[in-house]
Every structure is written in structure tokens, then in C-alpha cells.
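Reviewing the structure listed below.
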Amino acid sequence: MLRILGIAHPEGVVMRYPHELSGGMQQRVVIAMALACNPRLLIADEPTSNLDVTIQAQILDLVRKLKKEFGSSILFITHDLGVVAEMCERVVVMYAGHIAEIAPVHSLFKKPLHPYTQGLLKSVPRPGRKDRLQSIKGSVPNLISPPSGCRFHPRCSRVMDKCSDAKPSLREIEKNRFVACYLYHKEGDKDDA
């Protein structure tokens, strides 16, 4: 498996301690361990964090090739929206442990619906962008005692009274687009308090 992942002299590498390997080699070893059982679902939690951009690109190319070769699905857990845009077909945006929005990746980047998703995308640097990056006001909530209702409401620029009363349910707004926000609930919905 190490050889498949492009590690030269795998017989020697397998005997080394982790601190003797580069970050990219460590990632490849972990991926080899994960693929050793030929899983149908590979969960990759921040697979490119702490890697320089060159190694990150190599790991992403490798994961793409392995997905095709092994036929596995991959669940990426990441804060890197560039990785999401490049690697994912479908995105689930979460805030403070709750789902805010689910969408095909191109739809999400083209037209984010949830105020948190909108704020995230406005805070991403883009080449050629001359305006100032926007930040989301306020602080991340304490998850030991989270805010009532929608967990994003203390930071939301479009907050309504009902946002602090009850958590909005996840609704399908259009085909394959789901959002948990009262802005998209219709008058008279049963949880539209």
C-alpha cells in the first residue's frame, strides 16, 4: 500500500518512527493505513492541514486517484474552503455542531443561502479582490452552554426574534438544497414559531 501511495523504499519507511518522516510522508502513511482494508467510505479529517501548498496539492491528487482506483467514497472534514471547492461534490456547512446548509458544491459557492455560509464565503481571500475582507461579527459560542434556538443567531446580521426561541429545522429549499434558517420558512410552517 505504501508503494501504491508513491513512497520510495516502503520496506525502510515502515520501520521508521513518525518524527523521521516529512508531513507529506506521514499523511501518505496514514492514508495507506486507512485504505489497507479497502473501505467503502474513507473519512478524511483535515487531511491537508499543516502541509505546505505543494504537498497539499500532491495529497489531494493522490486522494482523487485513489478514489477512482478503489471506488471509495470520501467524507472530507475541513475548514479549508479551497479544498472543498476542489475535491467535493456535495457540502454540509456546520456551525457549532449543527447543520446550517447542505448543497451541491457549485450551488453553495455560487449562491450561499444561510447567513453563516454567506459570511464564510465573504471572508475568503480571492485573487484580484481589492475590497476589504469581511469578518463575521461576535465570537464563537461556548458549546458547554450554547445559545438557545439557532446557534448562529447572536452573530447573525439577519436575526429575528424567533431565532433565539427555537432551532429552525432543516428544509429543502430547492432540489438538493437544504437550509436551517427561518429566512426560508414559509408563513404557517409548524415550527415557524
| Which residues make up the longest stretch of the chain clear of GluC sites (Glu not before Pro) that lie in a DSSP loop with no more than 10 other Cβ atoms within 10 Å, not counting the sites? | 90-186
| task | Evaluate the relative contact order of the chain (contact order divided by residue number), counting alpha-carbon pairs under 8 angstrom at least 6 apart; express in whole percent. | result | 14
| query | Roughly what % of DSSP beta bridges within segment 1-102 run antiparallel, to the nearest 5? | reply | 45
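Between Rg and the Kirkwood Rh of the chain, both from Cα atoms, what is the Rg to Rh ratio?
Result: Rg/Rh = 1.05.
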| said: Projecting each Cα onto the charge dipole of segment 1-101 (Lys/Arg +1, Asp/Glu -1 at the beta carbon, about the Cα centre), which of 35, 23, 58 comes out farthest on the positive side? | reply: 35
| query | lysines within cross-link reach of residue 110: Cα-Cα under 29 Å, excluding same-chain residues under 8 positions apart? | reply | 65, 67, 68, 122, 130, 137, 162, 167, 175, 186
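On the protein heavy atoms, probe 1.4 angstrom, tell me the percent of accessible surface of segment 9-139 carried by carbon and sulfur.
Carbon and sulfur: 56 percent of the exposed surface of segment 9-139.
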| field | segment 10-59 and segment 113-170: distance between their alpha carbon centers, rounded to Å | value | 33
| Dipole moment magnitude, nearest 20 debye, the chain about Cα centre, only Lys, Arg, Asp, Glu C-beta charged | 480
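The values are calculated or read from the model by the stated rules, or taken from the named source; none is laboratory data. In this text, all values refer to a predicted model and were calculated from it rather than measured experimentally. All Cβ positions, even for glycine, are placed from backbone atoms using ideal geometry, and neighbour counts span all protein chains on display. Note: accessible area is taken over every heavy atom of the protein model, side chains too, but ligands, DNA and RNA are not part of it. Shrake-Rupley method; radii C 1.70, N 1.55, O 1.52, S 1.80 Å.
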